[in-house]
1. Would you confirm whether any residue within region B:116-127 is surrounded by 15 or more Cβ atoms within 10 Å (Cβ to Cβ), modelled with pLDDT under 90, basic (Lys, Arg) and within 19 Å of B:Arg256 (Cβ to Cβ)?
2. Which condition number does A:Ser58 fail, the rest of (1) touching a Leu at 6+ places or on another chain (Cβ under 6 Å); (2) at the interface with chain B (Cβ under 9 Å from one of its Cβ atoms); (3) buried (at least 22 other Cβ atoms within 10 Å of the Cβ) being met?
3. Which is modelled with pLDDT of 90 or more and aliphatic (A, V, I, L, M), of B:Val76, B:Val93?
4. If only one of B:Leu382, B:Leu346 is in contact (Cβ under 8 Å) with a residue 12 or more places away in the chain, within 13 Å of chain A (Cβ to nearest Cβ) and among the hydrophobic types (A, V, I, L, M, F, W, C), which one is it?
5. Can A:Leu41 be described as assigned to a helix (DSSP H, G or I), modelled with pLDDT of 85 or more and farther than 25 Å from B:Leu67 by Cβ?
6. Please indicate, with yes or no, whether at least one residue in region B:442-461 is at pLDDT 80 or above, assigned to a loop (DSSP other than H, G, I, E, B) and more than 14 Å from every other protein chain (Cβ to nearest Cβ).
7. Can you find a residue that is hydrophobic (A, V, I, L, M, F, W, C), closer than 25 Å to B:Pro194 by Cα and either surrounded by 12 or more Cβ atoms within 10 Å (Cβ to Cβ) or more than 14 Å from chain A (Cβ to nearest Cβ) (or both) anywhere in region B:261-282?
Amino acid sequence: MINLLQAPPDVPLRIAGIHGGHGIRRRLIAMGFHKGDTIELDSLGILRGPVLVRNLTSDTSVALGRGIAQRIIVEIIGEKK
Amino acid sequence: MAKKNRHPDVVFIGQPNCGKSTLFNAVAGLKADTSNFPGTSIKHTHSKVNIEGSIVNIIDLPGTYSLNPSDPAEKVALSHLFHEKPDLVINVVDASILGRSLELTLELMELNYPMIIALNMIDLAKKKGVEIDIKKLEELLGVPVIPTIATRGQGIKEMLEAALQSLEKRLPASPIKWSRDVEQRVEELSNLLPEDFPLVYNKRFTAIHMIEANRLFFDKVLREINPKLKENLDRVRRELEEMHSAPAYEVISAERHHLALKIFEESSRVFRGKRVKFQDRLDDVIMHPFLGYIILLAVFFGFFFIIFKVGSPLEELLLEPLASLRNSLMLKLGANVFSYLIDGLLAGIGGGVAIVLPYFVPLILLMSFLEDVGYLARAGFLMDTFMHRIGLHGKSVSPFILGFGCNVPAIVSTRILESRRDRIITSLLIPFIPCSARTTIILALVAFYLGPVWAFGFYTFNILLIAVLGRVISLFFRTPSPGLILEIPSLKMPSLKNMLKKTIFQMKSFIKFAWPILIAGSIVLGFLQYLHIDRFINLVLSPLVEKGLGLPQELGVTLVFGFLRKELSLLMMLQALGVNYKDLMTVITKEQLLVFTVFINFFIPCLSTVALLWKEMGRRIALLSVGLNTGVAVILSLIARWILGK
């Protein structure tokens, strides 16, 4: 288990859990980030910027700040394409 | 909308970026009005439309991801939905991300209102390789589903027909059951609700939302009024949590999530097309850590270049007849009170048409283009990287971008920020963002007389200044900001019709609200000039204006009036100096022009912005903002004079 910031880009990942307070969890859930969903890290911004995450389950893209990304715990479930 | 009339109310609701407003505008045409929700400054758009002989009230609610909102803006929209019972709900759904969009649909169905679904952007779904079986979807949901492409006006007639039918039948949507163990608990709790309990819609919906509700707030109230019910609620939550080893509200939303995905899978087939790859590749370039910024700069530069190239010839064309009209009138009438007033009137009307509109219209048009394509969100993503470095954070990006159009809605939109720290910093910075009025001034003065490169430089400096100010202001706050969660919608081909509609809509509101102030201001200045009161104001301000900034004394009065509305400073400047636009450079120097623009640009944006800040953030923040803007304007224009004077 690693957090989203430690995950390599373009590799399918499964959301194992979300750490953090109600506010952040609810917001992520409302935008379609649920435990068990398959996601992929698209690219890392320069200057320690936000990360772009594709949710393959709901087919949406969301930009997440590093603080938020750190709280999403994922496991690698596939190979780099 | 506050008062009930006999026309049925039809509410449009959907998740952000689903094309809801485009669809709404296609139905409402240009007659739509915006007004505030009672007691708030959050706007909603509504209109009366005639559908085959029946008059219907249509209401556009702000986009919301769920009925369990986390930001204040969403909450206001929803509490409206909770209080005024609509006769029909039109749920606009983004067909290209059906799986997620259905989560809101399932929530809406729990309300038991008559409902139809506008399955929008069906063309984009096809391009993405998603083929939806409409009949099957209708069957699974038990609600009419109408495919639409709002940007091209497709499916709108069918949607309205379905709406009329539903209004006649008044069949309430009925929620789809969840897995048995969860459903059982919900049922149990709803049966325990006493008869006199303040229900929201129906017992089931109330029970669900009690389980989902934010503990801290709701539980305290319930413990006071009905301790027994509170015990049961706690037990139900505990049981759900033990069974699923997750917080109760997550269990409920997971139910909706799985149900939505199941319905999506049963009604759709997904083929991975080539178009997706192309889109993805385009996005890879647009949001590339290096190329992305070059594109951002190019877009930014191109944006102003186009506005200037369109605006300045148009401006010249329109100014000529206005100037000669004023000259000949002055000659005919001579110098009396009447001629001063008429001249003020002409300056106000003409200035609005000839100086403001030539830049304003292309600006709004391009802005809506960038918005409709989906570039604004991407610019937000790219700029966030930069903003984080200087003490800001990503969620403020969208209020900032809105600020380039107008500061007033930008300040309202800071409600999407959950923490007060973020709201204060963002609200203090927004008044420094050059809104369309100030962009017009920069273009009409700096770009027109000194060249577009100067205007671009001015703009770049302005943005750097905001960054530095942000850094400085955030030093006063110790708590860190929560962080960015921003959806990046897929890139879309914008429709010209929709862009034009938005532009005309904005133009109408300019004519309705800004123009009267411009005209009235010009007439008042004409009157003051006749009575020589302007000289008194100028004299009072002359230590700053003449000694400090090195500007002609006559400009003092324009700085005061600019507080009402920014364009007014521009029009009055000409009026006060007694010259026509084209002859401006004969009375002031380039340096003075720049110093004047610097002062005007960074000074308090306008009365409406300050009034709104006062209302939204309180007196302290409003006064702080006024002080900050005045201080920065004075200091920067003094520095500008010092540098240019060398």
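1. No: zero hits.
2. With respect to (1) touching a Leu at 6+ places or on another chain (Cβ under 6 Å); (2) at the interface with chain B (Cβ under 9 Å from one of its Cβ atoms); (3) buried (at least 22 other Cβ atoms within 10 Å of the Cβ), A:Ser58 is out only on (1).
3. Just a single option satisfies the conditions, and that option is B:Val93.
4. B:Leu382
5. no
6. Within region B:442-461 (the criterion being at pLDDT 80 or above, assigned to a loop (DSSP other than H, G, I, E, B) and more than 14 Å from every other protein chain (Cβ to nearest Cβ)), the answer is yes, since at least one residue qualifies.
7. No: region B:261-282 contains no residue that is hydrophobic (A, V, I, L, M, F, W, C), closer than 25 Å to B:Pro194 by Cα and either surrounded by 12 or more Cβ atoms within 10 Å (Cβ to Cβ) or more than 14 Å from chain A (Cβ to nearest Cβ) (or both).
This table checks each residue for (1) buried (at least 17 other Cβ atoms within 10 Å of the Cβ); (2) under 36 Å from the mean Cα position of the chain (by Cα); (3) within 30 Å of B:Arg281 (Cα to Cα).
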residue	(1), (2), (3)
B:Ile488	yes, yes, yes
B:Leu496	no, yes, yes
B:Ile517	yes, yes, no
B:Ala520	no, yes, no
B:Glu546	yes, no, no
B:Leu555	yes, yes, no
B:Gly562	yes, yes, no
B:Arg565	yes, yes, no
B:Leu570	yes, yes, no
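The values are calculated or read from the model by the stated rules, or taken from the named source; none is laboratory data. It should be emphasised that the depicted structure is a prediction, and the values quoted were computed from it without experimental measurement. All Cβ positions, even for glycine, are placed from backbone atoms using ideal geometry, and neighbour counts span all protein chains on display.
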